[in-house]
């Protein structure tokens, strides 16, 4: 399945996001410009080495340079590289500018924790509950606000996540311990997960399948194994999966409500937050 | 009668002469060889310590390569000797692996390339090339060297403490780097080596500005000196920022100040970081601040490593092409432009750090513009060998090899300068390939060029040319076969700093390429034994060097073959620019800076004390 080639363009993993083709095209453009400059310089170098090698009777000329030539070879790369930068800026805006973030079809929270990825889905009400770092504990990684009713039905998953195909996904990304980097090679997207900040990442997957999620920022000895899996599913499959998760969460909440005393049904997250604040 | 015939007086520059001891007075062994203030001895000390650290850092690289090619298999030869905290059954453990990548880069950058480029070459070349007896501040110079081994051993001592050496990459990003004894030792070491840089830089600036030989204008300086001069400005302005970043990180490590640690953060073991308790709700530090401080120094540091080498390559090419530098002033201005732009591009290391994407656009444009002065330099080098008379010696081959590989490193830099492309290749093997093309293919080939070029003046002996050429050829071939394929697996998405890539399905097919790379990494390591052998063998058995073996124009070749303390055995006055090769004024194809033109009356000379 794997053929060796000196052409690095053959090594891209299959692209499966709406912008992966455009980003690969940009890479190809820069690649071919680089190949042209590379050949220009190396061929010139080799020709000069052969042509002006020392041999009996051969002499160098007395020459200190030429300002016109200097001007030309200053201007040419300036125009080329500045043009390339300005041209590329559009794709940068598409991928990263918050002002260009598409309207989300689905929003999830993702946090990195050495050495796992965790995701939070909105649950039955379709709304992610409020969160704040002060509520964070080892049991409540997302710092879900225990007083916000929207947070009660939120679903937290670790390692393997499902998302619908052809939908704008917005990931609110953070970390609970050290820096991580959320890297989906097939989607051509990468973003550092920074503790203390929530950063928006968006993508829209075009082809159902299982894709690997990697950590790309050194986060400790288990960094290499901080692997996750993203299942990109059809709408129908995703809805079924989501319904099953919602039902399971409901069952858990009901069981918790039954086990706590009948007069006050304190949610588990609030209990933990209270416990941790007294521990402080 | 042509003016040229009266230049016969400099024929003596070709004669062999005995070791000179100008200005030499008897000093104790310790003052002469250990706590010496002679810039040449200090240069050799920098050279020795850097070559030692080069071997250590190279060995670490081979451990890393072994693990990537054959994960879980015992390291050959040394595996069984390493303690169980580092290896299990002789194979690299994940924690040890992260220490190895951290220490490999830390050693190579802070204890090999920077001390070689700005320690060894600046010390050896600046006083000799500007025609003076020593540095402006010889004692400061001595301190600047002795900080390096102390700092290096401090950083390396991490291997012997609980938890092991620093393991958060050479960038040492908090929060990961904010705990652990190894990280504290790393910070202390970097702080010390930073002061070595600052002291060195101040000294080089003072020396170039105040101690140039009579008649030497700034535009009579060889490009090596120009490059070192501008580099010194970078060191003096940039390194304090690194030192402040290190100091703040230390405050976080020891006093839990929470400067870089946000509120209510979990430790890797699941507890809370102590800082949260002190800062209070709503407070907290910002990890990205450290990255700004770090890269504000560490991007210019890339130029601290490459600019001096660009100067060396310029001098070597002019000498061996027997031709003046094409566009000398353009070269000087390009160095200045690179240095200036070097201070406004640090954000390209942080495209994905969570910094505002608006800043990403700014840094993308400033970064890509830095390709312009770099291109100017490449074109001018080509212009220099154009219609030259190229002699193929070990220094000139290394200099030509530098151009060939630097072009690859420069072009791969353009990919990462472009933000949207960087999104994908950031922190992959593409950047690993890039940095090695710049710092090994670039800086190290240039350093080899300089080392062979000045070896005769440093040690008074000629190195073995055949061995030198073999060393170059083997290094050049193995270097490219080792590092070029890293671009390819980088495009394949192969992350850097991962202990076992084959945890990922999409990286499994790359194992054969990793093995290919490892084979050539080992061969490249072995090829360096030729350098070590040549270096040591020639010290004892090398042919005695003439005063000016390369028939070069710059002032160091006016000094005796093996200059003693005080350097010059004659008065030095500079009469012309440094690259008067093939000048119609002279019958020979070179015309040194110190040769008095016939139309100037011989002046009364005062002998040097």
Could you please find all residues in segment A:215-228 being surrounded by fewer than 24 Cβ atoms within 10 Å (Cβ to Cβ) and facing chain B (nearest Cβ under 7 Å)?
A:220, A:221, A:222, A:225, A:227
Of (1) more than 42 Å from the chain's Cα centre (by Cα); (2) surrounded by 15 or more Cβ atoms within 10 Å (Cβ to Cβ), residue A:33 fails just (1)
For segment B:73-100, how many residues meet the condition of being outside any loop (DSSP other than H, G, I, E, B) and under 14 Å from residue B:56 (Cβ atoms)?
2
As an exercise: evaluate residue A:17 against (1) facing chain B (nearest Cβ under 9 Å); (2) buried (at least 17 other Cβ atoms within 10 Å of the Cβ) and give the number of the one condition it does not meet.
(1)
Given the structure, is residue B:523 surrounded by fewer than 20 Cβ atoms within 10 Å (Cβ to Cβ), assigned to a helix (DSSP H, G or I) and either more than 13 Å from chain A (Cβ to nearest Cβ) or modelled with pLDDT of 95 or more (or both)?
yes
Applying the selection to segment A:145-171, what residues are within 14 Å of chain B (Cβ to nearest Cβ), under 23 Å from the mean Cα position of the chain (by Cα) and crowded, with 18+ Cβ neighbours inside 10 Å?
A:171
Spans of helices (runs of 4 or more DSSP H) in segment B:372-445 with at least 1 residues within 25 Å of residue B:583 (Cβ to Cβ)
B:394-417
Among the listed residues B:368, B:390, which satisfies the condition of being within 8 Å of chain A (Cβ to nearest Cβ), over 19 Å from the mean Cα position of the chain (by Cα) and within 20 Å of residue B:465 (Cβ to Cβ)?
B:390
Any idea which of (1) in contact with a helix residue (DSSP H, G or I) (Cβ under 6 Å, 6 or more places away or on another chain); (2) in a helix (DSSP H, G or I) is the one residue A:72 doesn't satisfy?
(1)
Scan of segment B:42-58 for residues that are without any contact (Cβ under 8 Å) to a residue 60 or more places away in the chain and over 30 Å from residue B:128 (Cα atoms), ordered by number:
B:57
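Within segment A:198-214, is there a residue that is assigned to a loop (DSSP other than H, G, I, E, B) and within 7 Å of chain B (Cβ to nearest Cβ)?
No, the conditions are met nowhere in segment A:198-214.
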Taking segment B:462-472 only, how many residues are outside any helix (DSSP H, G or I) and buried (at least 19 other Cβ atoms within 10 Å of the Cβ)?
2
Here the residues within segment B:491-503 that are facing chain A (nearest Cβ under 8 Å) and assigned to a helix (DSSP H, G or I) are B:491, B:501, B:503
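What residue, of A:45, A:26, is in contact (Cβ under 8 Å) with a residue 60 or more places away in the chain, surrounded by 15 or more Cβ atoms within 10 Å (Cβ to Cβ) and facing chain B (nearest Cβ under 8 Å)? Lay out the reasoning, then the answer.
Working: A:45 fails: in contact (Cβ under 8 Å) with a residue 60 or more places away in the chain.
A:26 is the lone residue from the list that is in contact (Cβ under 8 Å) with a residue 60 or more places away in the chain, surrounded by 15 or more Cβ atoms within 10 Å (Cβ to Cβ) and facing chain B (nearest Cβ under 8 Å).
Each row is one residue, and each column tells you yes or no for (1) within 13 Å of chain A (Cβ to nearest Cβ); (2) modelled with pLDDT of 95 or more; (3) farther than 22 Å from residue B:344 by Cα; (4) buried (at least 24 other Cβ atoms within 10 Å of the Cβ).
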{"residue": "B:382", "(1), (2), (3), (4)": "yes, yes, yes, no"}
{"residue": "B:395", "(1), (2), (3), (4)": "no, yes, yes, yes"}
{"residue": "B:429", "(1), (2), (3), (4)": "yes, yes, yes, yes"}
{"residue": "B:439", "(1), (2), (3), (4)": "no, no, no, no"}
{"residue": "B:448", "(1), (2), (3), (4)": "no, yes, yes, yes"}
I'd like to check something: does segment A:231-243 contain any residue that is surrounded by fewer than 20 Cβ atoms within 10 Å (Cβ to Cβ), assigned to a helix (DSSP H, G or I), away from chain B (no Cβ under 11 Å) and out of contact with any strand residue (DSSP E or B) (no Cβ under 9 Å at 6 or more places or on another chain)?
yes
The lone exception for residue B:402 - which of (1) at the interface with chain A (Cβ under 7 Å from one of its Cβ atoms); (2) within 10 Å of residue B:317 (Cβ to Cβ) it fails
(1)
Any residue at all in segment A:121-132 that is out of contact with any helix residue (DSSP H, G or I) (no Cβ under 8 Å at 6 or more places or on another chain) and within 14 Å of chain B (Cβ to nearest Cβ)?
yes
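The values are calculated or read from the model by the stated rules, or taken from the named source; none is laboratory data. For clarity, every value in this text was computed on a predicted model and none was experimentally measured. Cβ coordinates were reconstructed from backbone atoms using ideal geometry, including for glycine residues, and neighbour counts include every protein chain displayed.
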